[in-house]
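Structure first, commentary second.
The values are calculated or read from the model by the stated rules, or taken from the named source; none is laboratory data. Quick caveat: nothing in here was measured; it's all calculated off a predicted structure. Cβ placement follows ideal geometry from the backbone for every residue including glycine, while neighbour counts extend to all protein chains displayed.
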Amino acid sequence: MEKDQDKILREVTDSEYKYGFVSDIEMDMLPKGLNEDVIREISKRKEEPEYMLEFRLKAFRKWQEMEMPHWAHLQIPEIDFQDIIYYASPKKKEGPKSLDEVDPELLKTFEKLGIPLEEQERLAGVAVDAIVDSVSVKTTFQDTLAELGIIFCSISEAIHNHPDLVKKYLGSVVPYNDNYYAALNAAVFSDGSFCYIPKGVRSPMELSSYFRINAANTGQFERTLIIAEEDSYVSYLEGCTAPMRDENQLHAAVVEIIALENAEVKYSTVQNWYPGDKDGKGGIFNFVTKRGICKGDHSKISWTQVETGSAITWKYPSTILKGDHSTAEFYSVAVTNNFQQADTGTKMIHLGKHTKSTIVSKGISAGQSNNSYRGLVKVQKGALNARNFSQCDSLLIGDQCGAHTFPYLEVGNKTAVVEHEATTSKIGEDQIFYLNQRGISTEDAIGMIVNGYAREVLNQLPMEFAVEAQKLLQISLEGSVG
Amino acid sequence: MLKIKNLHANIEGKEILKGIDLEVRPGEVHAIMGPNGSGKSTLASAIVGRDYVEITEGDILYMGESILEMPPEERALKGIFLSFQYPVEIPGVSMVNFLRAAINEQRKYRGLDPMSPSDFLKLMREKKKLVGIDSALTNRSVNEGFSGGEKKKNEIFQMAMLEPKLSILDETDSGLDIDALRVVAQGVNALKRPDSSTIVITHYQRLLNYIVPDFVHVLYKGRIIRSGGKELALELEEKGYDWLKEEYENSLNGAL
């Protein structure tokens with residue numbers, strides 16, 4: 001039924017990115033461009049203490065000496081860093097922050113996005129920190145969490161209210177000079193989430209950040225810091241969307257996770273930045289540095305990501321396994337369609353003895369997109385009996401897309417066991433027809449096959465997120481078999 | 001139920017079916033036999049609407065309506081079921097999810113609400129018993145890691161779940177040992193209703209010992225060259241296809 005599939009393809013590619021609306025919110029922004037004055041101004045507007053300004057300036061000076069990395073399997077157009085607005089915030093009225101003070105237009109935006117910021121979130125049991133453009137606009141459930149000693153707030157608040165923790169840990173996992181985009185982030189980051197779980201506490205709810213780029217010509221540079229003390233546990237989720245715009249917008253975030261002895265942090269991302277239109281125009285450049293350290297013995301960090309958005313993704317959530325017997329996991333589904341490009345994967349750095357890492361990466365490419373897995377497994381000399389298992393699968397839909405796998409293994413001792421498996425397959429006409437013959441439409445059939453393929457990863461997501469992610473996978477790929 | 005009129009069909013530009021006429025009425029079992037390459041599977045594919053089969057002439061009427069322009073899923077929803085010769089594996093998709101989706105699509109098509117999970121599981125249990133399928137199989141992904149016999153049994157199980165009006169069994173007997181064959185045949189017979197029809201496509205007669213046809217048609221070089229009752233199958237078993245082929249070739253020569 002060639003015609004049918006063409007029709008579906010047309011319908012879907014013509015259908016709009018669901019989150020592509022622009023909210024009419026009064027903004028307070030700095031002019032375009034980046035220099036030391038802009039950085040001083042950002043710091044001043046945020047009324048930051050001196051140590052933060054120092055941190056920013058140090059990073060900025062380093063960044064100026066650095067060059068954009070070109071090693072990824074990506075075609076990145078020239079980015080004019082002077083043509084970006086580095087600070088934009090929804091205008092706020094004076095006075096204490098309460099619900100009535102939030103711009104109703106903004107609340108409407110969250111409603112459209114289906115983010116539970118009001119009473120319903122009590123039912124959903126998810127605490128949300130919502131960040132629009134550069135500023136955290138509302139963090140829910142702070143009080144409930146505070147009773148347990150959990151701090152969940154914007155990083156700006158943490159800089160003011162918890163300077164000791166911020167000074168101790170900010171930049172400790174991703175140093176200000178780590179890489180080009182991390183340095184840029186350190187210089188200009190305007191907000192982000194901060195999360196601290198005290199010793200022996202299990203967070204009773206999922207903590208969630210929601211990021212949205214709204215204003216035109218702005219970049220988003222959020223910074224997230226998660227600290228899990230001994231014997232603590234937290235599950236953290238992040239989601240993101242952006243309006244549809246013809247120009248590319250830059251998103252360069254940094255996430256740092258510190259897991260102390262016997263602590264466990266589960267970090268889940270459903271990334272749905274605007275991917276650009278079907279001709280590859282517009283979309284977000286998603287250049288993100290995420291890294292965690294299993295600092296204490298028996299600690300665990302688990303990354304799960306479902307990546308369906310962005311025009312270009314450059315992202316390698318990594319873990320340093322420093323504590324003995326520490327564990328790290330990386331579960332990823334990355335979907336690219338039309339002209340999207342993704343170069344994503346992980347780094348597992350084994351330093352401690354008996355450390356164990358698992359990598360499950362499922363790439364799905366459709367249209368004329370390019371999807372690369374890039375992963376490093378490094379076992380240091382002292383990491384006796386380290387183990388890694390990597391599985392990298394690629395699924396191709398159609399014959400104009402590309403899938404690539406770049407695994408790097410560096411094993412420094414003989415007791416390590418490192419296994420790597422990789423497969424590439426094409427979504428089969430036969431599979432689709434089999435489902436058609438049982439009364440299931442082609443669209444649903446593709447959704448079912450892709451979700452089956454990605455099931456191992458989706459199973460890692462918290463329930464509500466998994467359902468959302470499943471729908472997203474289907475939407476991202478609908479009509480891609482032509 | 002099904003009426004095929006002067007059906008001509010190509011695959012990749014080559015004519016495979018060269019004028020098939022066939023009528024299947026409610027309650028009937030038709031066997032389509034013939035040597036390899038005679039067009040049996042192409043005929044099945046044409047009925048269920050595979051896109052690589054290009055219909056160049058003729059028509060297929062199902063319940064009085066031409067289905068040539070109908071997408072395959074709609075044909076399925078209207079009650080046409082194909083038991084595949086080579087059922088595909090769909091990794092990660094559980095049998096339960098797959099069948100629930102299929103059942104609920106069918107219900108939606110008929111304007112019914114989705115089946116409740118408990119009714120669905122009850123139905124599964126019943127039908128499993130009916131076709132004698134191992135419980136464990138339905139806890140796995142669709143056909144994944146199934147043996148040849150298990151795959152074929154799974155097809156019949158799906159048929160039991162979906163209760164089609166017209167079932168086409170494409171070489172369901174191939175690759176089955178005699179015990180599996182018996183189980184499959186029993187399942188098919190148990191599912192027979194006065195208002196449903198079955199087309200059994202097979203190379204060999206042995207399946208027809210268990211599923212007794214009302215009519216047997218021999219397909220050769222894209223045409224039905226002989227039709228008869230169940231005794232025709234026995235005759236073929238005994239004498240092979242060569243005598244029919246010869247007769248057919250001679251008749252062509254005679255016609256010149």
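Couple of notes before you dig in:
- Any hit, region B:248-256, residues being among the hydrophobic types (A, V, I, L, M, F, W, C) and surrounded by 14 or more Cβ atoms within 10 Å (Cβ to Cβ): no
- When A:N179, A:N185 are checked against the criterion of being under 21 Å from A:I301 (Cβ atoms) and crowded, with 21+ Cβ neighbours inside 10 Å, A:N185 stands alone in meeting it.
- Residues considered: B:A233, B:A160, B:A185. Of these, the only one that is under 20 Å from B:V88 (Cα atoms) and part of a helix (DSSP H, G or I) is B:A160.
- Filtering region A:454-471 for residues that are assigned to a helix (DSSP H, G or I), more than 25 Å from the chain's Cα centre (by Cα), modelled with pLDDT under 90 and within 13 Å of another protein chain (Cβ to nearest Cβ) leaves an empty set.
- Some residue of region A:384-404 being more than 19 Å from B:E89 (Cα to Cα), touching a Leu at 6+ places or on another chain (Cβ under 8 Å) and crowded, with 20+ Cβ neighbours inside 10 Å: yes
- Unique residue being over 21 Å from the mean Cα position of the chain (by Cα) and modelled with pLDDT of 90 or more when the list is A:K426, A:K347, A:K381: A:K381
- Those residues of region A:426-449 which are facing another protein chain (nearest Cβ under 9 Å) and either part of a helix (DSSP H, G or I) or closer than 14 Å to A:G363 by Cα (or both), in sequence order: A:E429, A:D430, A:Q431, A:F433, A:Y434, A:L435, A:N436, A:T442, A:D444, A:A445, A:M448, A:I449
- Residue that is nearest to A:Y51 (Cα to Cα) [pool: residues in region A:148-164 that are in contact (Cβ under 8 Å) with a residue 60 or more places away in the chain and surrounded by fewer than 17 Cβ atoms within 10 Å (Cβ to Cβ)]: A:P163
- Looking at B:E65, B:E12, just one residue is under 20 Å from B:S167 (Cα atoms) and surrounded by fewer than 16 Cβ atoms within 10 Å (Cβ to Cβ), and that residue is B:E65.
- So B:F146, is it outside any loop (DSSP other than H, G, I, E, B) and of a type in the set (F, W, Y): no
- Flag if B:V29 is within 14 Å of chain A (Cβ to nearest Cβ), under 24 Å from B:S174 (Cβ atoms) and among the hydrophobic types (A, V, I, L, M, F, W, C): no
- Pairs linking a residue in region B:138-158 that is more than 14 Å from chain A (Cβ to nearest Cβ) to a residue that is in a helix (DSSP H, G or I) and of a type in the set (D, E), with Cβ atoms under 9 Å and 6 or more positions apart or on different chains, are B:G149/B:D179.
- B:P35 being within 12 Å of another protein chain (Cβ to nearest Cβ) and either touching a residue at least 60 places away in the same chain (Cβ under 8 Å) or touching a helix residue (DSSP H, G or I) at 6+ places or on another chain (Cβ under 7 Å) (or both): no
- Residue count, region A:284-307 (criterion: of a type in the set (S, T, Y) and under 11 Å from the mean Cα position of the chain (by Cα)): 2
Conditions tested, residue by residue: (1) basic (K, R); (2) touching a strand residue (DSSP E or B) at 6+ places or on another chain (Cβ under 9 Å); (3) part of a strand (DSSP E or B); (4) free of Cβ contacts under 8 Å to residues at least 40 places away in the same chain.
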| residue | (1), (2), (3), (4) |
| --- | --- |
| A:K278 | yes, no, no, no |
| A:I284 | no, yes, yes, no |
| A:T289 | no, yes, yes, no |
| A:D297 | no, no, no, no |
| A:S302 | no, yes, yes, no |
| A:V306 | no, yes, yes, no |
| A:I320 | no, yes, yes, no |
| A:V335 | no, yes, yes, no |
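- Screening region A:392-425 for residues that are in a strand (DSSP E or B) and in contact (Cβ under 8 Å) with a residue 60 or more places away in the chain and picking the one that is farthest from the other protein chains (Cβ to nearest Cβ) gives A:F406.
- Residues in region B:145-162 that are under 17 Å from B:A102 (Cβ atoms) and in contact with a strand residue (DSSP E or B) (Cβ under 9 Å, 6 or more places away or on another chain): 6 in all.
- Among the residues of this structure, B:R226 does not count as one that is part of a helix (DSSP H, G or I) and either more than 26 Å from B:N104 (Cβ to Cβ) or touching a Lys or Arg at 6+ places or on another chain (Cβ under 8 Å) (or both).
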